[in-house]
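To keep things clear, I will list the structure first and then write my remarks on it.
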């Protein structure tokens, strides 16, 4: 028994933010009958974020059959299809988003654990037949029944290659030489699932009540100023670790580097006038976390914090500034 496939999508017919999982599980038809599924979901750091339960309005019927008969060819792998629903509260969604931001590609990586409860059939059929005792030269047998006496027959065993029945015992039905022919079992199944960053941002986030993302696509260009992009990558890595000081420190380094490159290239040309306006505004933004104490002196109401929103802002502006500097260099080559 194993999970063959998993497809998931946001489920909007719930008051709570939810995800529906379409799951296919392989099992042995007629030997096993799945009677219940439950489980949980973990993020890539091994933290459980929610439970998951079977969710279906279908009336499902599973059948079990005894083996050692001509019908043994029907005992083959089959697929059990089901839907499982997971509710995610705000704390769970926040943790999933934190792990997504820590992923280099911005993907959501989850692990689905399913506890499958099923009945396993151990019954086998003996190759028995009824024979009239008179055919064996014996007297007729009379058997008392609820309606009086009736003719009885002898039960005999005969090997039949088509039925492949064993003669371990002569029970009419047995659990292969013992009286236990049904067993209730549990099996834990595991499957890793990935939601690409683009799908999470465009499809999941709005439907799970996390809001819509503001997507800014800035072509990285030809990497004309490679060292600047290296600083940007370090700033992004700091952002994934929620290290806002690291974000600002690397973004300021980008500003220093670009300013020197542009000044060396253009000297006192008209281009430098445009650049001066851009870099002055950038330096003002990039120095925010250095001036928190100065802001406090202005006695604002409440605590002055530099957090995620500010870090996101400076990252976007920094990437735009690198691209702008590269285009200035290309225009004047």
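The values are calculated or read from the model by the stated rules, or taken from the named source; none is laboratory data. Here the structure is a predicted model, which means the values were calculated and not measured. For neighbour counting, all protein chains shown are included, and Cβ atoms are generated from backbone atoms with ideal geometry for every residue, glycine included.
Find the residue count for the stretch 154-197, including only residues that are assigned to a strand (DSSP E or B) and at pLDDT below 85.
8
Criterion first (part of a strand (DSSP E or B), in the same structural domain as residue 45 (by TED's automatic domain parsing) and modelled with pLDDT of 65 or more) does residue 151 satisfy it?
Criteria not met by residue 151.
In the stretch 35-51, how many are in a loop (DSSP other than H, G, I, E, B) and at pLDDT below 90?
Matching residues across the stretch 35-51 total 0.
Being at pLDDT below 85, outside any loop (DSSP other than H, G, I, E, B) and either surrounded by 16 or more Cβ atoms within 10 Å (Cβ to Cβ) or touching a helix residue (DSSP H, G or I) at 6+ places or on another chain (Cβ under 9 Å) (or both), is that true of even one residue in the stretch 94-106?
yes
Every residue in the stretch 198-224 that is buried (at least 17 other Cβ atoms within 10 Å of the Cβ) and either in contact with a strand residue (DSSP E or B) (Cβ under 6 Å, 6 or more places away or on another chain) or at pLDDT 80 or above (or both), please.
Once the filter is applied, which keeps residues that are buried (at least 17 other Cβ atoms within 10 Å of the Cβ) and either in contact with a strand residue (DSSP E or B) (Cβ under 6 Å, 6 or more places away or on another chain) or at pLDDT 80 or above (or both), the stretch 198-224 yields 200, 201, 204, 205, 208.
Would you mind finding the one in 77, 22, 32, 54 that is within 21 Å of residue 202 (Cα to Cα) and at pLDDT 85 or above? Show your work before the answer.
Values: 77 fails: within 21 Å of residue 202 (Cα to Cα); 32 fails: within 21 Å of residue 202 (Cα to Cα); 54 fails: within 21 Å of residue 202 (Cα to Cα).
Of 77, 22, 32, 54, the one residue that is within 21 Å of residue 202 (Cα to Cα) and at pLDDT 85 or above is 22.
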